[in-house]
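Notes to accompany the following structure.
The values are calculated or read from the model by the stated rules, or taken from the named source; none is laboratory data. Keep in mind the model is a prediction, meaning the values are calculated, not measured. Please note: Cβ atoms are built from the backbone with ideal geometry, for glycine as well, and neighbour counts cover all protein chains shown. With ligands, DNA and RNA removed, areas are computed over all heavy atoms of the protein, side chains included. Shrake-Rupley method; radii C 1.70, N 1.55, O 1.52, S 1.80 Å.
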Amino acid sequence: MSRRTTTPIGYHPERLAIRPADVKPKQTKSSAIGNVDYDPEREQLTIEFVERGTFVYYDFPIHAWVEFNGAGSRGTYFNLYIRDHGYQYERVA
């Protein structure tokens with residue numbers, strides 16, 4: 001007897017419904033990260049660090065932005081899930 005499921009098991013962030021409010025940057029306090037912005041059409045994350053300058057991260061998926069934007073600590077999220085995880089980036093300021 002074979003088991004068949006119609007619903008994939010597991011976490012599929014690409015299937016989450018993203019609302020316009022999820023894309024708008026939330027105001028948070030951070031000792032490491034100043035302003036942030038996300039361009040969903042270009043999939044670009046811009047982070048203004050307090051001491052390191054401003055960087056743009058390319059091919060940054062919207063589901064990752066929603067998680068980063070809602071994180072309790074953006075600095076911790078950045079260190080755990082963005083830094084050294086293969087995102088192309090460049091310093092712009």
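The table for this structure:
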quantity	calculated
Mean Cβ count within 10 Å, highest first, over the residues of peptides 72-84, 37-49	37-49, 72-84
Ranked by how many other beta carbons lie within 10 Å on average, peptides 85-91, 60-66 from highest	60-66, 85-91
Accessible area in the full protein assembly, largest first, 1.4 Å probe, for K29, K24	K29, K24
